[in-house]
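I have placed the structure first, in the form of structure tokens, so that the comments after it can refer back to it.
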Amino acid sequence: MLDTLTLRETPTSNEPTTDDASRDVDSRADESRDAGPGDHVRASDPPCMPEPVRREARPCVAKDPVLVLVYRALDTSFDALQRELPRVWAGDTVTGVHRMRMATRRTRAVLRAFRDILPRESTSSLANEAAWLAGELGSVRDLDVYLAQLDRATADLPPELRADLEPHMARIRAQRAAAHRALLESLAGARYAQMSAEFARYLDEGPPAAALRRARGLNAREGAEDFALRALKRARKTGRHITGDSQAERQHKLRLRCKRLRYLLESFEPLYGEQLDGTIKSLKRVQDALGDLRDVTAAAGRLREQADNASDFALPGASDDERTRCRIACRMLMHLQEAEAVHAQQRFDRSWQQFDQRGRKKKLRRIMRRSRRTVTTEPVAATRA
């Protein structure tokens with residue numbers, strides 16, 4: 001089972017940045033605090049949840065065209081998006097939002113990897129809408145991850161210091177509540193309904209003749225091997241070119257490429273059973289180490305922003321003394337997170353050396369070539385959490 005607090009994704013150009021999302025959520029949280037009694041009553045009533053439309057993954061065998069396997073992976077992602085709606089509406093964002101976001105990532109990873117052989121116009125449109133949804137989910141997910149990071153970082157601190165941090169944590173909880181409300185409104189809105197309908201239509205229509213011609217007659221097994229090895233080559237090339245001058249940029253790029261490779265391998269997992277687990281687990285260690293590094297770095301940045309902000313609006317409702325103590329506590333915790341970033345960097349170095357071992361490509365190719373298993377209709381990849 002994957003750790004629900006270590007799966008992250010940096011926003012794309014279609015998604016809001018963390019700073020933009022925080023400012024937007026802060027604004028909504030302030031509006032909620034400033035509203036009158038009647039407004040609070042209306043704000044407490046969530047919008048109506050759209051009716052989930054479940055979908056069964058289509059069957060596929062190793063000799064089927066590769067696009068049948070691709071569409072099967074998209075079937076499982078579509079079903080995961082629908083399956084998690086009740087959990088998100090119930091407020092279980094740690095699980096529900098995380099799994100919906102994972103489904104959007106898997107969708108985007110598959111569309112990106114196979115974009116040269118998929119129907120171009122509809123694939124581009126669906127990818128753009130998946131990026132939008134990932135941004136909506138990310139506004140909540142990032143705050144969930146940050147709150148969990150604070151809980152872990154302060155678990156062994158003296159009670160007095162935790163109490164000094166409470167105004168900051170209360171502010172983040174208010175942001176999270178506002179972000180969750182905004183997410184529900186987006187999921188209940190016309191754009192999500194249109195996206196779901198477009199996604200379902202895309203799957204119902206299946207690959208057109210032109211897409212099948214572009215696939216060059218590759219069957220599912222041959223296509224899985226071809227595209228997985230391409231993704232592996234890109235990831236290893238990026239990891240081997242990380243230097244001091246480009247470390248942060250390259251690590252970000254490597255994290256995305258490892259993530260895409262892992263999602264591809266997981267979508268092919270029913271074809272290969274447990275034979276890919278070694279590579280997937282090794283990728284997960286690299287991804288988790290880079291995710292930990294990103295989380296502690298982001299946490300240190302949020303804490304620094306709070307510590308440097310002496311404005312009365314930084315912590316609404318707090319007294320001058322509480323704001324001063326909170327800023328001191330934030331700065332202290334910021335230094336602890338910066339020290340933790342050093343350890344996270346060391347964990348990444350070890351995990352990458354293990355992954356980038358000699359013979360990795362040959363081993364993966366050997367595993368993928370010897371399999372002749374039938375893909376079942378059980379959505380294995382989509383149920384990984």
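Against the numbered list (1) within 24 Å of the chain's Cα centre (by Cα); (2) in contact (Cβ under 8 Å) with a residue 24 or more places away in the chain, E249 comes up short only at (2).
Condition check: closer than 19 Å to I242 by Cβ, acidic (D, E) and in a helix (DSSP H, G or I). Does D277 satisfy that?
No: the conditions fail for D277.
In the same structural domain as D292 (by TED's automatic domain parsing), part of a helix (DSSP H, G or I) and loosely packed, with under 14 Cβ neighbours inside 10 Å, is that true of R358?
no
Within the stretch 302-347, if we keep just the residues that are farther than 26 Å from R250 by Cβ and of a type in the set (D, E), the residue that is surrounded by the most Cβ atoms within 10 Å (Cβ to Cβ) turns out to be E322.
Residue under question is R234, and the condition is that it be modelled with pLDDT under 95, assigned to a helix (DSSP H, G or I) and in contact with a His (Cβ under 9 Å, 6 or more places away or on another chain); does it hold?
Details: modelled with pLDDT under 95: yes; assigned to a helix (DSSP H, G or I): yes; in contact with a His (Cβ under 9 Å, 6 or more places away or on another chain): no.
No, not satisfied.
Of all residues in the stretch 187-202, how many are touching an Asp or Glu at 6+ places or on another chain (Cβ under 9 Å) and surrounded by fewer than 18 Cβ atoms within 10 Å (Cβ to Cβ)? I'd like the intermediate steps shown before the answer.
Start the filter on the stretch 187-202 by keeping residues that are touching an Asp or Glu at 6+ places or on another chain (Cβ under 9 Å), which leaves 187, 191-192, 194-195, 198-199.
Add one more test, that the residue is surrounded by fewer than 18 Cβ atoms within 10 Å (Cβ to Cβ), and what stays is 191, 194, 198.
Number of matching residues: 3.
The single condition among (1) surrounded by fewer than 21 Cβ atoms within 10 Å (Cβ to Cβ); (2) out of contact with any Cys (no Cβ under 7 Å at 6 or more places or on another chain) that L183 does not satisfy is (1). Would you say L261 is in contact with a helix residue (DSSP H, G or I) (Cβ under 7 Å, 6 or more places away or on another chain), under 24 Å from A80 (Cα atoms) and free of Cβ contacts under 8 Å to residues at least 60 places away in the same chain? Judged against the criteria, L261 is a match.
Just a yes or no: is a residue in the stretch 141-160 surrounded by 16 or more Cβ atoms within 10 Å (Cβ to Cβ) and within 30 Å of Y71 (Cα to Cα)? Yes, the stretch 141-160 has at least one match.
Which residues, counting only those in the stretch 145-170, are more than 13 Å from A329 (Cβ to Cβ) and not small (G, A, S)? Those that are more than 13 Å from A329 (Cβ to Cβ) and not small (G, A, S): V145, Y146, L147, Q149, D151, R152, D156. Taking residues in the stretch 268-282 that are over 21 Å from P65 (Cα atoms), and partners anywhere that are in a helix (DSSP H, G or I) and among the polar types (S, T, N, Q), the pairs with Cβ atoms closer than 8 Å and at least 6 places apart or on different chains are S282/S351; S282/Q354. Of all the numbered requirements in (1) touching a helix residue (DSSP H, G or I) at 6+ places or on another chain (Cβ under 6 Å); (2) closer than 30 Å to K284 by Cβ, H343 misses one, and that requirement is (1).
Yes/no per residue for (1) of a type in the set (D, E); (2) at pLDDT below 95; (3) within 24 Å of R115 (Cα to Cα):
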residue	(1), (2), (3)
L74	no, no, yes
S77	no, no, yes
L81	no, no, yes
G91	no, yes, no
V97	no, no, no
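With (1) touching a Ser or Thr at 6+ places or on another chain (Cβ under 9 Å); (2) closer than 22 Å to A300 by Cβ; (3) buried (at least 20 other Cβ atoms within 10 Å of the Cβ) as the list, and M169 as the residue in question, which single condition is left unmet? For M169, the exception is condition (3).
Residues in the stretch 309-348 that are of a type in the set (S, T, Y) and part of a helix (DSSP H, G or I): 1 in all.
Within this structure, A299 passes the test of being on the phi < 0 side of the Ramachandran plot, buried (at least 20 other Cβ atoms within 10 Å of the Cβ) and assigned to a helix (DSSP H, G or I).
Of all the numbered requirements in (1) crowded, with 18+ Cβ neighbours inside 10 Å; (2) of a type in the set (A, V, I, L, M); (3) closer than 27 Å to A80 by Cα, A174 misses one, and that requirement is (3).
Cβ separations smaller than 9 Å between residues 6+ apart or across chains give no pair from the stretch 104-125 residues that are outside the structural domain of L85 (by TED's automatic domain parsing) and more than 20 Å from G217 (Cα to Cα) to residues that are at pLDDT 95 or above and assigned to a loop (DSSP other than H, G, I, E, B).
Going through the stretch 112-122 one residue at a time, which ones are assigned to a helix (DSSP H, G or I) and crowded, with 20+ Cβ neighbours inside 10 Å?
The one that is assigned to a helix (DSSP H, G or I) and crowded, with 20+ Cβ neighbours inside 10 Å: A113.
The values are calculated or read from the model by the stated rules, or taken from the named source; none is laboratory data. Just so it is clear, the model here is predicted, and its values are computed rather than measured. Here the Cβ is made from the backbone with ideal geometry for all residues, glycine too, and neighbour counts use every protein chain on show.
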